[in-house]
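Reviewing the structure listed below.
The values are calculated or read from the model by the stated rules, or taken from the named source; none is laboratory data. It should be emphasised that the depicted structure is a prediction, and the values quoted were computed from it without experimental measurement. Neighbour counts are summed over all protein chains in view; Cβ atoms, including those assigned to glycine, are modelled from backbone coordinates with ideal geometry.
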Amino acid sequence: MPEKKKRRSFNVVDEYFGEIEEWAERMDETLAQKPSWNLKDCTMEPLREINMTATEVVVTVDLPLTEESAVQVRPTDNSLEISAKMRRKLHLHELGISYHRGEIQKFHCHIRIPVPVNMDRMSIKYKKGMLEVHMPRKR
Amino acid sequence: MSEDVKIVEETKVPSGATLIFGFPDVGLVGLIAASHLVDELRLTEVAYVDSTLLPPLIVLHEGLPHSSMRIFANHDILLAVSEVPIPTDMIYPIMDALIEWGRSKSVKMMISLSGIPIQDRQDATELKAFAAASSPEALKTAKDSGVEVLMEGYMVGPQAVVLQRASKYGSPALALLAQCFYNYPDPEAAAEVLKSLVKVTGVKVDVAKLLEKGEEVRLRARDVMKRTQQEMSKMKKGQEYDIPMYVS
């Protein structure tokens with residue numbers, strides 16, 4: 001490929017990735033603008049993280065004030081639905097929110113798994129309110 | 001002091017104290033530890049940071065406005081705390097102003113409380129704390145107190161600026177870092193870093209209450225953690241995981 005044309009292609013790729021980064025930042029900011037709690041169904045979104053290795057996808061979810069027996073993990077084709085009832089109801093004023101009345105009773109979230117995994121070989125660990133779900137990647 | 005950042009004193013500020021920094025960072029270790037210090041040592045607000053560089057944000061307490069970045073004190077401790085993450089672009093001007101202010105108060109040492117993220121944190125039964133210092137003398141203080149030294153690695157964030165500037169000015173400074181979660185509030189790590197603060201300074205702090213209410217702290221801290229994650233990604237905090245290549 002001629003040098004000039006090659007450089008132009010690199011610029012297009014750079015611009016493309018630049019746009020994706022900007023879009024991701026905007027999305028991040030937009031998503032952060034809504035509260036992390038929902039009074040209609042008395043839920044709060046937990047903090048969570050997805051890590052991928054060559055062999056598995058590991059999802060961790062922070063579920064303070066819960067017991068292992070109250071945690072439910074429902075796999076679907078490419079996502080996990082996680083819910084966990086808290087040991088006690090939390091009034092919003094306990095969280096420093098005084099302009100709303102309501103209570104939070106459980107954590108709830110959907111987590112999309114970005115690569116194909118074997119959900120039927122999923123394994124779950126729970127320790128001190130931290131949930132860890134291991135899913136082997138499909139080969 | 002930078003004209004863009006002012007430290008406004010509300011009452012008499014003691015001289016010759018230890019200046020401690022507790023800012024939102026990995027695992028919110030510094031912020032959680034600082035919040036516990038304010039409660040345990042019954043520190044009172046003596047000054048706040050006023051800057052047009054910061055987002056237009058105040059913290060309301062009992063209907064009244066407070067700066068999100070305040071300095072609490074007793075007779076021998078000054079504690080700078082931020083309740084929201086410092087925007088990445090503002091870290092240098094804010095830290096420069098705080099360090100300069102601290103030097104004007106003849107602080108005997110500056111200590112940043114923070115964390116060092118580890119993989120498989122949830123499986124760790126005992127957490128370790130490490131120290132890095134601005135000078136060989138400050139490092140000796142940490143070693144003599146029984147705090148392990150962080151021998152090699154990268155440091156990103158306010159604590160990096162403190163060590164860098166303190167080294168330049170010849171002021172003693174330490175960064176105390178407890179092993180922690182990267183993305184989750186970690187009260188156990190905050191307790192660990194406070195134990196190393198006790199070793200280094202001799203200040204009396206009981207961490208039992210902090211550990212007891214750990215789950216509630218994690219719950220209350222989740223939104224600050226989320227905001228902090230965004231800033232950490234902007235400042236490329238993940239670089240601390242990198243294998244160092246020190247050129248000697």
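Summary table below
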{"item": "Any hit, the stretch B:23-34, residues being aliphatic (A, V, I, L, M), modelled with pLDDT of 95 or more and in a strand (DSSP E or B)", "result": "no"}
{"item": "Selection from the stretch A:89-139 of residues that are away from chain B (no Cβ under 13 Å), more than 27 Å from residue B:124 (Cβ to Cβ) and of a type in the set (A, V, I, L, M, F, W, C)", "result": "A:115, A:119"}
{"item": "Flag if residue A:90 is in the same structural domain as residue A:44 (by TED's automatic domain parsing), under 13 Å from the mean Cα position of the chain (by Cα) and not polar (S, T, N, Q)", "result": "no"}
{"item": "From B:162, B:107, residue being closer than 19 Å to residue B:34 by Cα, part of a loop (DSSP other than H, G, I, E, B), β-branched (Val, Ile, Thr) and more than 14 Å from chain A (Cβ to nearest Cβ)", "result": "B:107"}
{"item": "Residue that is farthest from the other protein chains (Cβ to nearest Cβ) [pool: residues in the stretch A:51-64 that are surrounded by fewer than 19 Cβ atoms within 10 Å (Cβ to Cβ) and at pLDDT 95 or above]", "result": "A:55"}
{"item": "Filter result for residue B:189 (away from chain A (no Cβ under 14 Å), surrounded by 24 or more Cβ atoms within 10 Å (Cβ to Cβ) and either of a type in the set (Phe, Trp, Tyr) or over 11 Å from the mean Cα position of the chain (by Cα) (or both))", "result": "no"}
{"item": "Long-range neighbours under 8 Å by Cβ, at least six apart or interchain, first residue part of a loop (DSSP other than H, G, I, E, B) within the stretch A:89-104, second of a type in the set (A, V, I, L, M, F, W, C) and modelled with pLDDT of 90 or more", "result": "A:102/A:42"}
{"item": "Criterion: in contact with a Lys or Arg (Cβ under 9 Å, 6 or more places away or on another chain), exposed (fewer than 14 other Cβ atoms within 10 Å of the Cβ) and either of a type outside the set (Gly, Ala, Ser) or under 20 Å from residue B:223 (Cα atoms) (or both) - qualifying residue of A:93, A:110", "result": "A:93"}
{"item": "Total residues in the stretch B:205-230, condition in contact (Cβ under 8 Å) with a residue 24 or more places away in the chain, surrounded by fewer than 16 Cβ atoms within 10 Å (Cβ to Cβ) and more than 12 Å from chain A (Cβ to nearest Cβ)", "result": "2"}
{"item": "The listed residue being assigned to a helix (DSSP H, G or I), more than 14 Å from chain A (Cβ to nearest Cβ) and surrounded by fewer than 24 Cβ atoms within 10 Å (Cβ to Cβ), out of B:196, B:233, B:167", "result": "B:167"}
{"item": "Hits in the stretch A:54-71 (condition: farther than 20 Å from residue B:218 by Cβ and not β-branched (Val, Ile, Thr))", "result": "A:54, A:56"}
{"item": "Residue match in the stretch B:122-143 (condition: among the hydrophobic types (A, V, I, L, M, F, W, C), at pLDDT below 95 and either part of a loop (DSSP other than H, G, I, E, B) or within 16 Å of residue B:24 (Cα to Cα) (or both))", "result": "yes"}
{"item": "Matching entry among B:87, B:93 (being surrounded by 17 or more Cβ atoms within 10 Å (Cβ to Cβ) and over 19 Å from residue B:241 (Cβ atoms))", "result": "B:93"}
